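> The structure is given below, and queries will be raised subsequently.
What follows is calculated from the coordinates using simple rules that are stated; it is not laboratory data. Because the structure is predicted, anything quoted here is derived from the model rather than measured. Ideal geometry is used to build each Cβ from the backbone, glycine not excepted, and the neighbour counts take in all protein chains shown.
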Amino acid sequence: SALTRGSDGRFWNATLTVPANTNDTSNTISVNMSGLRDLAGNTGEDRFTSSNFQLDTTGPSATITLAQNTLKFGETTTVTFRFDQAVTDFTSDDVVLTHATGTLGALTALGSDGKTWTAIFTPQA
């Protein structure tokens, strides 16, 4: 995005938007200092380059555990969904119960990091 100057002129900000499916282990950002001048009119020298950065192009994965694996009629169990990275917009519509023969209650995020969610599973008779 366009560069915006901080109040003292020493800090500048911009937003880097990376195209989809871009993954290159040599990603860096550089500034050609010879194109810059300080307040006294002195020209910068050299080029300064950021450290390498990589793009995370893998989506989240999850581990699903049940508090109890054997249930009797009328019992429920807590199902815990642990993701390897924070997720957003996780709802019961995202959970597939095709082979579960039961219902899943509302999902609740544990903590504020968006990685662990729980819900109550109620099996059918």
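> So, with +1 on the Cβ of K and R and -1 on the Cβ of D and E, and no other charges, what is the size of the charge dipole of the stretch 1-57 about its Cα centre, to the nearest 20 debye?
That gives a dipole near 180 debye.
> Now for a separate question. So, with +1 on the Cβ of K and R and -1 on the Cβ of D and E, and no other charges, what is the size of the charge dipole of the chain about its Cα centre, to the nearest 20 debye?
That gives a dipole near 120 debye.
> Sequence-distant or interchain residues sharing an amide H contact under 5 Å with GLN85, placed H: which?
Close amide H contacts, sequence-distant or interchain: SER61.
> Which far-off residues, 5 or more places away or on another chain, put their amide H under 5 Å from the one on LEU55, with H placed in the peptide plane?
It is ASP24, by chain and number.
> Tabulate in residue order the Karplus-calculated ³J(HN,Hα) for the stretch 90-103, using 6.51 cos²θ - 1.76 cosθ + 1.60 with θ = phi - 60°, rounded to whole Hz; enter x for Gly and Pro.
7, 10, 4, 5, 7, 9, 9, 10, 3, 10, 9, 6, x, 10
> Please list, by residue number, everything in the stretch 82-99 whose backbone N is under 11 Å from a paramagnetic label point 7 Å out along Cα→Cβ of ASP113.
Within reach of a label on ASP113: 83-86.
> How charged is the neighbourhood of LEU39? Take every other residue with its Cβ under 14 Å from the Cβ of LEU39, and add Lys/Arg as +1 and Asp/Glu as -1.
+1
> Separate question: Rg (Å, one decimal) plus Dmax (Å, integer) for the alpha carbons of the stretch 1-57?
Radius of gyration, then largest Cα-Cα span, for the stretch 1-57: 14.4, 44 Å.
> Based on the alpha carbons, how large is the Rg to Rh ratio for the chain when Rh follows Kirkwood?
A ratio of 1.28.
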